[in-house]
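Here the structure is laid out as structure tokens; the discussion comes afterwards.
Bear in mind these aren't lab numbers, they're just calculated from the coordinates by the rules spelled out. In this text the structure is predicted, and so the values were computed from the model without any measurement.
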Amino acid sequence: APTDSWNPLAPAGDCKTYAARTELALLDRGWPAGSLRLTITFVDDGSAEQGAAHVVLLVDTNRGTIVLDSRQAAPRPWRSLSYIWVSAQEPDGHGAWSLLPSDRAALRTALLDHLAASRGAGQLAFLR
């Protein structure tokens with residue numbers, strides 16, 4: 001169930017908890033903090049979760065960037081996933097976030113769909 005929590009120590013949670021917990025576990029195993037980035041996306045795969053906001057963990061490796069994701073059974077290359085990439089933590093570890101390259105039209109549609117779902121479609125019809 002979706003929550004507002006990013007608590008890696010929570011007993012249960014959603015994608016944010018999964019990503020935060022996975023990041024903490026990798027840090028505890030000695031993984032360099034600069035190679036781990038929490039990332040905000042929108043699902044873009046035609047599934048029942050289409051358009052949902054989603055959080056994953058990007059991990060920079062010597063073989064490229066992979067995604068650790070509560071929706072995937074195994075790590076995947078980040079470009080292989082059907083997500084609209086929005087923003088990611090900066091790798092310097094200071095908590096700053098940056099926008100990721102994304103199709104602007106797809107991002108706009110995903111943002112409007114997400115807002116419509118959370119506030120009611122009628123309130124946002126004028127933005128389309």
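Per the Debye calculation on the stretch 46-113 with a single equal scatterer at every Cα and no solvent contribution, log₁₀ I(q)/I(0) for q = 0.28 Å⁻¹ amounts to -1.43. Taking only the alpha-carbon positions of the stretch 42-81 and ignoring solvent, what does the Debye formula give for the base-10 log of I(q)/I(0) at q = 0.16, 0.23, 0.36 Å⁻¹? Listed by q, the Debye log ratios stand at -0.41, -0.77, -1.26.
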